[in-house]
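Just below is one structure, and these are the notes that go with it.
Read-outs throughout are calculated quantities, based only on the coordinates presented, and are distinct from any laboratory measurement. This structure is a prediction, so every number in the text was calculated from the model and none was measured. A quick note on method: Cβ atoms are made from the backbone with ideal geometry, for glycine too, and the neighbour counts reach across all protein chains shown.
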Amino acid sequence: MKIKQTVLALALVAIAFASCKQQTEAPVVEETTPTETVAESTPVILDMKHLVGEWTQPNGADASLLQGFELKEDGTMSSIKDQANQYTKWKMVDNTITFETAMVGTDSTSVKSATYTYEIVDQNVLKLTANGVTEEFTKK
């Protein structure tokens, strides 16, 4: 039994010395296989200046009429032929954009905000997504 323990101890010491020995290995050469690329329109998420401007889409009731909003550099915004939404302010945080609207009632005015994830495709199409619904606007 003592011989087995001695042999085992010597084997462990030999393994320890072998692992500490400085070894040089052949350099690893990575082989790559060509991959097929598919051309797609790439979403572009840019800074605030790329969002500034007039963004419109066809009116749901009459596709010949355009409606939307104008984003201004100072953080204010206005509606374009959209009576339902009276936009007042906007801000961008990472890949989200928040719009504030003034809801004018008979007795008071309240402010509501809506936050969307956004992406700009091909420099002139803005996609706004909230609650799984995406709307597209075109820059004028």
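For segment 43-139, what is the convex hull (Cα atoms) projected area averaged across all directions, in square nanometres?
Averaged projected area of segment 43-139's Cα convex hull equals 6.7 nm².
How would you rank K140, K49, going from fewest to most other Cβ atoms within 10 Å of each one's own Cβ?
K49, K140
Karplus couplings for segment 78-89 from phi (6.51 cos²θ - 1.76 cosθ + 1.60, θ = phi - 60°), rounded to Hz, Gly and Pro as x?
9, 7, 10, 6, 10, 6, 6, 10, 9, 5, 10, 9
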